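What follows is a short report on a single structure.
The values are calculated or read from the model by the stated rules, or taken from the named source; none is laboratory data. Everything quoted here is computed from the prediction, not taken from an experiment. Glycine also receives a Cβ, built like all others from the backbone with ideal geometry; neighbour counts cover every protein chain displayed. Keep in mind that these areas ignore ligands, DNA and RNA; they rest on the heavy atoms of the full protein, side chains included. Shrake-Rupley method; radii C 1.70, N 1.55, O 1.52, S 1.80 Å.
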Amino acid sequence: MTEKSSNQMWGGRFAAGPDAIMEAINASIGYDRRMATQDITGSRAHAAMLAKAGIITDKDAEAIREGLLTVLSEIDNGNFNFSAALEDIHMNVEARLKEIIGEPAGRLHTGRSRNDQVATDFKLWVRDQIDAAISGIEALMKALIAQAEAGAEWVMPGFTHLQTAQPVTWGHHMMAYVEMLARDRSRFIDARKRMNESPLGAAALAGTSFPIDRHMTAEALGFDRPAANSLDAVSDRDFALEFLSCASICAVHLSRLSEELVIWSSAQFRFVTLSDRFSTGSSIMPQKKNPDAAELIRAKIGRIFGANTALTIVMKGLPLAYSKDMQEDKEQTFDAADNLMLALAAMEGMVKDMSANTESLEAAAGSGFSTATDLADWLVRALNMPFRDAHHVTGTLVAMAESRGCDLPDLTLEDMTSVHEHITEEVFGVLGVHNSVASRTSYGGTAPAQVRAQVSRWKEQLG
Ligand code: ARG
């Protein structure tokens, strides 16, 4: 059996190389190659700082800079040979740099460790994903606002317990999701502010005796400041946890909207027609048009929240500072980020393309005694009845209509006065769905005027 030689980057004290199983469990290059750009960006900032601080020569820094650019272009062009023996992206890049520029490559790792390097790379990667999530959310908000603007007056049933409750406007329903997504967006913005401290230069865990300038590298990498404690800097994965938890809440919202689209597009509801572009057919049932995109988005919370749970449990109970457990932070975060961006884009496409079936919405809005509350409110206003009594009178009228198989506006004035003698013709004015929604003018209510006000507020905010 031929034994592998020891690792070229850290193998000084090792006589033999790793077992094949050891190499398989240890290597992260299969996935952390996704951080190649961040790794090279971080190394360039570090090398420039080392030269400025007089720790390496300008000549060496220049060779490192040029060499790193070559490595980056090889990776971008698919000409890079990733090696599992070199474990991860950090050592793959450095080893290739050595092949290209020789001896100066060995000076790059002065005053840093893979521990602060990986924390920096991963932070930069997550920060990019936060920015992408914010853009994706804003695009979806704009699609919902456009729907709300078009349908500020369209009436539809509002539900509680998925039972008809009161008529609402289509625009109002769309704007409810705009509010949810706005909170998701602000959570990502907050998380970004909190995470924007540079771990670079924390070195292995204790800092370094070289006169490095962590403020300089922090600034070069777009961080607000260097992280203040080197032990914390290399051990912190809060930023990824926070990203995953923001992503999970956002995915919950996407899942709820998906569920509504699945229900609304069914033959039983016919509230919306989803476009062919975001639907699929059945291989056996020719009539079928399935809302697959909505169903898949509905399911994405599974893996996104799964990643959140997984990383929380990886981090739980880890002593300070770095432990190799933390290498398990990346794969599922990558997967969660990919799927969040995909879900946001698919939802944006679906919302843009969908068309509301205003006739079905209006017919459904008027059924199920949806204006019973309007009737009770009228009794309070016109007859000065206590609301509890008005509720009871209305309930009696609902039971009457139900037994006749009709809706409230179909009852006659005689029917009404048989339950309460002072009811007048005027009551029929409040039983229509359009009057009902138009009357709900309280701040945040469903009246078209309120919806339009919210639409313009958000349009102004999003620009
Ligand atoms: N691939 C490693 C990770 O992702 C890099 C850091 C390794 N550090 C170490 N001390 N072995 O966590």
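Counting only protein heavy atoms, what percent of the accessible surface of the chain is carbon or sulfur at a 1.4 Å probe?
Values: 11520 of 22030 Å².
Here it works out to 52 percent.
Where in segment 310-334 does the amide nitrogen come within less than 18 Å of the point 7 Å from the Cα of Phe82, taken along Cα to Cβ?
Under 18 Å, as judged by backbone N against the label point of Phe82, lie 327-334 of segment 310-334.
Near the amide H of Val168, under 5 Å away, which other amide H atoms are found, from residues 5 or more places off or on another chain, if H is placed in the peptide plane?
Hits under the 5 Å cutoff: Met156, Gly158.
Let's test the formula: R0 of 25 Å, r as the Cβ-Cβ distance of Lys289 and Ala165. What FRET efficiency results, to the nearest 0.05?
0.30
Using just the helices of the chain, give the 222 nm mean residue ellipticity in deg cm²/dmol: DSSP H runs with n ≥ 4 each add -39,500 (n - 2.57), and the total is spread over all residues, rounded to 500.
-20000 deg cm²/dmol
Name the chymotrypsin sites (Phe, Trp or Tyr not before Pro) in segment 355-463 that are in a loop by DSSP and that have at most 11 other C-beta atoms within 10 Å, would you?
Working: sites: Phe369, Trp378, Phe387, Phe428, Tyr443, Trp458; in loops: Phe369, Tyr443.
Taking segment 355-463 and a limit of 11 other Cβ atoms within 10 Å, the loop chymotrypsin sites (Phe, Trp or Tyr not before Pro) found are Tyr443.
Between segment 134-190 and segment 304-331, how far is it from one alpha carbon centroid to the other, in angstrom?
Using only Cα atoms, the two centres lie 35 Å from each other.
Quick check: Cα centre of segment 33-54 to Cα centre of segment 87-103, how many Å?
If we compute the Cα centre of each part, the gap is 13 Å.
Past the 21 Å Cα-Cα mark, which pairs from Lys52/Lys193; Lys98/Lys123; Lys142/Lys193; Lys352/Lys459; Lys193/Lys459?
Lys52/Lys193; Lys98/Lys123; Lys142/Lys193; Lys193/Lys459
Considering amide H positions built from the backbone, and no H for Pro or chain starts, which residues 5 or more places from Val272, or on another chain, come under 5 Å of its amide H?
It is Ser265, Asn357, by chain and number.
With a ≥ b ≥ c taken as the square roots of the eigenvalues of the C-alpha gyration tensor of the chain, please select rounded if a/c is under 1.5 and otherwise prolate if a/b is larger than b/c or oblate if it is not?
It is prolate, given that a/c is not under 1.5 and a/b is the larger ratio.
What accessible area per residue, rounded to a whole number of Å², is obtained for the chain using a probe radius of 1.4 Å?
Values: 22030 Å² over 463 residues.
Here the residues of the chain average 48 Å² of exposed surface.
Under the 0.36 nm per residue contour assumption, what length would be gained going from the current alpha-carbon distance of Phe14 and Val252 to full extension?
80.8 nm
How big is the antiparallel share of DSSP beta bridges in the chain, given as a percent to the nearest 5?
80 percent
With an 8 Å cut-off on Cα pairs and a minimum separation of 6 or more residues, tell me the relative contact order of the chain in percent.
RCO, the chain: 17 percent.
In debye to the nearest 20, how big a dipole does the chain give about its Cα centre with +1 on each Lys and Arg Cβ and -1 on each Asp and Glu Cβ?
My answer is approximately 940 debye.
Apply the a/c threshold of 1.5 to the C-alpha gyration tensor of segment 11-64 and tell me whether it is rounded, prolate or oblate.
oblate
On a full-extension model of 0.36 nm per residue, what is the gain between Glu66 and Lys193, subtracting their alpha-carbon distance, rounded to one decimal in nm?
42.5 nm
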